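Colleague: So that we are looking at the same thing, I have put the structure below in structure tokens.
The values are calculated or read from the model by the stated rules, or taken from the named source; none is laboratory data. The structure displayed is predicted, hence computed values, not measured ones. Heads up, the Cβs are rebuilt from the backbone with ideal geometry, glycines too, and the neighbour counts pull from every protein chain shown.
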Amino acid sequence: MSESPATVRPRHAIVIGGGPAGLMAAEVLAAGGARVDLYDAMPSVGRKFLLAGKGGMNITHAEDYDAFVARYGARADAVKAWLDAFPPQQVRAWIHGLGIDTFVGTSGRVFPADMKAAPLLRAWLHRLREAGVTFHMRHRWLGWRAGALVFATPDGEIEVDPAGAATVLALGGASWARLGSDGAWVPLLAERGVDVAPLAPANCGFDADWSAHFADRHAGAPLTTVALALEGDTFRKGQFVVTRTGIEGSLVYALSAPIRDRIARDGRANVRVDLLPDHDPRRVLEEVTRPRGTRSMSSHLQSRLGIKGVKSGLLHECLGKADYADPVKLARALKALPLVLRCPRPIDEAISSAGGVRFEALAGGTMLRGLPGVFVAGEMVDWEAPTGGYLLTACFGGGRVAGRAALEWLVNSCRRN
């Protein structure tokens, strides 16, 4: 006797990838009654999640929802479907349901009360195991062989038959390869005809042509209370750090996508640094042209405008002697110092990556066209966002949507059979 539609239950789901998107997909599938097997290449799940939380686990952001969605740039409309399914307030409620309190910092960023990722992950994994999710660690996915999913394990290769099962791929991007996010899945999908945009660094640093003197003297020095702009754009205030090869830090990460794209287009990116964002140009000019007696210009700038240390070094590094000697040009440079950035740092150094499976390659926003029953979620899809909780929130939402779509596909498959 066949089951009625009301009593049809999904059967088996396979999740490959144990980051936030994969874990969330597994949670949705298990809650829907599916038997879930989760495979991951690493010895334990959530390794990038844990490392990202070392400096304080930034879960999401409390800003206005429309502004929140706009943070996803060119892919905001597509990512909005994920966010609508699991908006920031629901993310916080979900965390509270795991027994973890949260608070909103002065910047609007949302953190667990103890600022730590490990207690949250432990509580989440306990819930998943209680729901029946089975974890298979040290299982690296190698693609398909005659329809079977192939995994490399410590005991050799194994094959898993996905017949009748839904498969959710949540394999991450290509940053932090040592934690499992290495982009090795790209050729596996490309050979199946999946349209994959090249992976590129996001939220990354950039190289500049520092002199050896400047690099030796100032590498590691923070530039606090500055503003940065890509040539032709408006300034954004914040802080960043001088590295031995260039610049990195929160302000640079916030502008990394347009800077990276400008370098890809032109072979370089011209940016401007406002060393005195709290001073208007008129005041800067007045202070620079104020009589200084026998003092050097460097001493004068330190006394009148607080330009010293790495700010003074950057001014000398990026401004020619003739312009430095011209008070009008010097004043302009203090408000818009030109800096040439040559290339982004390698993708494995980036906080996240751009590129991945194009949305156009997905049916219904999550299932791969031409591969029925195979869904994708998280950072392996072609979107990007700045730091500040936006990356994690979209991974949660994307995993949730993929899990729901896989569950629906399973239920419909059960009814057909």
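Colleague: Applying the selection to segment 364-406, what residues are among the hydrophobic types (A, V, I, L, M, F, W, C), surrounded by fewer than 23 Cβ atoms within 10 Å (Cβ to Cβ) and over 24 Å from the mean Cα position of the chain (by Cα)?
Modeller: Within segment 364-406, just Leu371 meets the criteria.
Colleague: While we're on this one: Given the structure, is Ala333 free of Cβ contacts under 8 Å to residues at least 40 places away in the same chain, loosely packed, with under 14 Cβ neighbours inside 10 Å and not acidic (Asp, Glu)?
Modeller: Taking the combined requirement at face value, the residue does not satisfy it.
Colleague: In this structure, does Glu379 turn out to be over 20 Å from Gly17 (Cβ atoms), assigned by TED's automatic domain parsing to the domain that holds Ala76 and either in contact with a helix residue (DSSP H, G or I) (Cβ under 7 Å, 6 or more places away or on another chain) or in a helix (DSSP H, G or I) (or both)?
Modeller: Answer is no for this residue.
Colleague: Next question, about the same structure. Return the residues of segment 293-313 that are surrounded by fewer than 16 Cβ atoms within 10 Å (Cβ to Cβ) and either in contact with a Lys or Arg (Cβ under 9 Å, 6 or more places away or on another chain) or outside the structural domain of Ala215 (by TED's automatic domain parsing) (or both); say none if nothing qualifies.
Modeller: Ser298, Ser299, Ser303
Colleague: Now for a separate question. Kindly check whether there is at least one residue in segment 116-135 that is touching a residue at least 24 places away in the same chain (Cβ under 8 Å), assigned to a strand (DSSP E or B) and among the β-branched types (Val, Ile, Thr).
Modeller: yes
Colleague: Also, I was wondering about something else. What's the number of the only condition in (1) in contact (Cβ under 8 Å) with a residue 40 or more places away in the chain; (2) under 20 Å from Val45 (Cα atoms); (3) in a loop (DSSP other than H, G, I, E, B); (4) not small (Gly, Ala, Ser) that Ile100 fails to meet?
Modeller: Of everything listed in (1) in contact (Cβ under 8 Å) with a residue 40 or more places away in the chain; (2) under 20 Å from Val45 (Cα atoms); (3) in a loop (DSSP other than H, G, I, E, B); (4) not small (Gly, Ala, Ser), Ile100 misses just condition (1).
Colleague: Continuing with the same structure: Which of the residues spanning segment 277-306 are in contact with a helix residue (DSSP H, G or I) (Cβ under 9 Å, 6 or more places away or on another chain) and of a type in the set (Val, Ile, Thr)?
Modeller: Within segment 277-306, Val284, Val288, Thr289 qualify.
Colleague: Counting just the residues of segment 266-278 that are outside any strand (DSSP E or B) and crowded, with 17+ Cβ neighbours inside 10 Å, which one comes out farthest from the chain's Cα centre (by Cα)?
Modeller: Filtering first and then ranking leaves Leu276.
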